[in-house]
1. Please specify each residue of region A:1-30 satisfying the condition of being more than 30 Å from B:R161 (Cβ to Cβ), under 15 Å from the mean Cα position of the chain (by Cα) and of a type in the set (A, V, I, L, M).
2. Suppose we filter A:A37, A:A18, A:A25 for residues that are part of a strand (DSSP E or B) and open to solvent by less than 40 Å² (accessible area, probe 1.4 Å); which single one remains?
3. Being surrounded by 13 or more Cβ atoms within 10 Å (Cβ to Cβ) and in a loop (DSSP other than H, G, I, E, B) is the filter here, so list the residues in region B:109-118 that pass it.
4. Considering only region B:182-193, I want to know if a residue exists there that is under 37 Å from the mean Cα position of the chain (by Cα) and assigned to a helix (DSSP H, G or I).
5. Return the total of residues in chain A being among the aliphatic types (A, V, I, L, M) and away from every other protein chain (no Cβ under 14 Å).
6. Only one residue in B:K126, B:K156, B:K142 is basic (K, R), touching a residue at least 24 places away in the same chain (Cβ under 8 Å) and over 30 Å from B:A17 (Cα atoms). Which one?
7. Filter region B:52-67 down to residues that are open to solvent by less than 100 Å² (accessible area, probe 1.4 Å) and under 20 Å from B:W113 (Cβ atoms), then give me how many there are.
8. Considering region B:119-162 alone, what residues qualify as being open to solvent by 70 Å² or more (accessible area, probe 1.4 Å) and under 30 Å from B:P31 (Cβ atoms)?
Amino acid sequence: MAAKSKARTIIVRMVSTAQTGYFYATQRLRLGPRLAAVKYDPRVKSRVLFVESKKTAKK
Amino acid sequence: MSAALQAVKQFRVRELAPVLKAQPTASTARPKILNPFLPHKNPESGRWAPAKYSLRRQADLVKQARASGMLHLLPPGPKLSPKDLAAASASTSASTPTSDAVAPVAESSKSWWLSEVEWEGEFKEKEVKGADVGNRLYAGRKRMFKGHKWERTLEKRTWERKMLMKDMAARIERFRTTYRRKTPSPVSPARPVSYSKLPF
């Protein structure tokens with residue numbers, strides 16, 4: 001049997017740049033740009049820039 | 001007769017009956033009875049027999065005795081310190097000379113359960129540090145609770161967050177204006193720019 005091929009998409013964590021520890025979990029294409037977006041952070045109660053965490057893929 | 005008084009009376013009847021009924025008028029001295037509130041060690045086997053009344057029942061009896069003013073009738077125990085007992089007996093002895101009906105009634109057979117009894121069994125009162133001062137929580141301890149980790153770091157974390165939020169607007173603006181696909185990655189080599197080749 002051939003080895004299982006890697007998935008097309010990967011699940012990632014978008015962590016708040018306000019360092020509150022709040023994060024969103026989303027998916028993106030495995031071969032795609034690093035995710036970044038402006039999303040709501042309830043810890044600071046405002047919209048904040050969220051950047052994909054550099055750690056290995058979160059399951 | 002109130003329920004509290006009834007309960008105390010029942011206790012006295014239960015404890016005193018075997019001793020007093022056996023020798024009705026034999027001894028004039030106070031009869032000795034094993035304290036039912038304390039554990040007793042059997043001298044032959046060396047084993048400890050638990051108290052006849054559980055701590056819960058002892059506490060209930062003490063409450064009822066306090067309510068009906070019959071504290072002096074109970075033996076000392078973990079729920080009734082000798083100090084409280086002495087205070088109760090002192091107050092009753094102060095009140096008895098004034099009332100004439102009590103003395104003759106106590107001697108009659110009806111209230112034999114009111115007679116004085118000597119309770120056998122040594123009671124060592126547990127020492128609670130700081131009870132006299134009022135602070136029982138930290139008396140006799142080296143360190144006080146220094147607070148949860150999240151409490152200790154809270155100030156620093158909120159300050160960091162505040163600093164980051166100050167320039168958040170600028171950061172968002174920067175993010176919105178850059179077209180990310182066009183930003184060259186620092187890893188990839190520079191694309192060659194040819195001025196001779198035409199785009200079409």
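The values are calculated or read from the model by the stated rules, or taken from the named source; none is laboratory data. No experiment lies behind these values; they were computed from the predicted model shown. All Cβ positions, even for glycine, are placed from backbone atoms using ideal geometry, and neighbour counts span all protein chains on display. In case anyone asks, the SASA skips ligands and DNA or RNA and just uses the protein heavy atoms, side chains included. Shrake-Rupley method; radii C 1.70, N 1.55, O 1.52, S 1.80 Å.
1. Of the residues in region A:1-30, the ones more than 30 Å from B:R161 (Cβ to Cβ) are A:1-9, A:29-30.
Adding the requirement that they be under 15 Å from the mean Cα position of the chain (by Cα) leaves A:9, A:29-30.
A:L29 - this is the single residue of region A:1-30 that is more than 30 Å from B:R161 (Cβ to Cβ), under 15 Å from the mean Cα position of the chain (by Cα) and of a type in the set (A, V, I, L, M).
2. Going through A:A37, A:A18, A:A25 in turn, the sole match is A:A37.
3. Within region B:109-118, B:S115, B:V117 meet the criteria.
4. Residues of region B:182-193 that are under 37 Å from the mean Cα position of the chain (by Cα), as a first pass: none.
No, region B:182-193 has no match at all.
5. 9
6. On the way: B:K156 fails: touching a residue at least 24 places away in the same chain (Cβ under 8 Å); B:K142 fails: touching a residue at least 24 places away in the same chain (Cβ under 8 Å).
Matching residue, one of B:K126, B:K156, B:K142: B:K126.
7. Result for region B:52-67: 9.
8. B:E120, B:E122, B:K124, B:E125, B:K126 - these are the residues of region B:119-162 that are open to solvent by 70 Å² or more (accessible area, probe 1.4 Å) and under 30 Å from B:P31 (Cβ atoms).
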